[in-house]
1. To the nearest 500 deg cm²/dmol, what mean residue ellipticity at 222 nm is calculated for the chain from DSSP H runs of n ≥ 4 alone, each contributing -39,500 (n - 2.57), summed and divided by the residues?
2. Kindly provide log₁₀ I(q)/I(0) values, in the same order as q = 0.33 Å⁻¹, from the Debye equation applied to equal alpha-carbon scatterers of the range 17-56.
3. For the chain, what number of Lys pairs, 8 or more residues apart or on separate chains, have alpha-carbon atoms under 28 Å from each other?
4. Taking only C-alpha pairs under 8 Å that are 6+ residues apart, what is the relative contact order of the chain in percent?
5. Give me the number: length gained by fully extending PHE165 to SER133, i.e. 0.36 nm times residue separation minus the C-alpha to C-alpha distance, one decimal in nm.
6. I need SER154, SER93 ordered by Cβ neighbour count within 10 Å, fewest first.
7. Could you run the Debye sum over the Cα atoms of the chain, one equal point scatterer each and no solvent, and tell me log10 of I(q)/I(0) at q = 0.15 Å⁻¹, two decimals?
8. Given R₀ = 41 Å, what would the calculated FRET efficiency be for ILE2 paired with TYR172, taking r from the Cβ atoms and rounding to 0.05?
Amino acid sequence: MIMQIFLSYLPYAVITTFTPGPNNLMSFYSVSNYGWRNGIKMISGIIAGFVMNLIICVLFCHELAVYVPKITIWLKYIGAVYMLWLAFHIATSLPNKTDSRAVKFSSGFILSITNVKVILYLITLYTAYIIPSGSNLGYLFIHSVLIFMLSCVSWLLWASAGGIFQKFISRYYRPFNIIMALLLAWCAVSLIF
């Protein structure tokens, strides 16, 4: 039954998980500009923020249905402001491998924990697909593991693409940074409108 439910939400999960969003873009950006050694700090923060959102969603999904509008309104604006700040930093940064301000664990964590796309994605998965077939905590956590593994594959693919194109990107860092900043700014604006 678990695999049946997983297969029912897999198309939605794949599309939502692998399309460009703040977590994927920052995974790509951090590795492409700072390499795996420094980029893993940002990715670790993204993972920690995602896990925190996942746990909160599992434990409080029924209660969140009541509070979602209040939570998402605040997180939407906080997340958008933070993403715009990151976009500005990306657009104005120089290709200095020792500058790790943009790839801190805390930056990835804040980005991920305030990522409304992730919050709404998890709430939709649990309320539309998983909880109707069972609300036992063990059952919900099994699905959490599957969702987490799918998300990790996405971040690693985006980060790997950043690593593969690292030499090319370092030659053309200014146009690349501007494009990445604009994509991240677009994510922020799409949260609000």
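Read the figures in this text as sums done on the coordinates, not as results from a lab. The structure displayed is predicted, hence computed values, not measured ones. So basically every Cβ, Gly included, is an ideal-geometry build from the backbone, and we count neighbours across all protein chains shown.
1. So the calculated ellipticity at 222 nm is -29000 deg cm²/dmol.
2. Log-scaled intensity ratios, in q order: -1.05.
3. Total qualifying Lys-Lys pairs in the chain comes to 11.
4. Once divided by the residue count of the chain, the mean separation gives 44 percent.
5. Values: separation 32, 0.36 × 32 = 11.52 nm, distance 4.30 nm.
Separation in residues times 0.36 nm, less the Cα-Cα distance, equals 7.2 nm.
6. SER93, SER154
7. -0.86
8. 0.35
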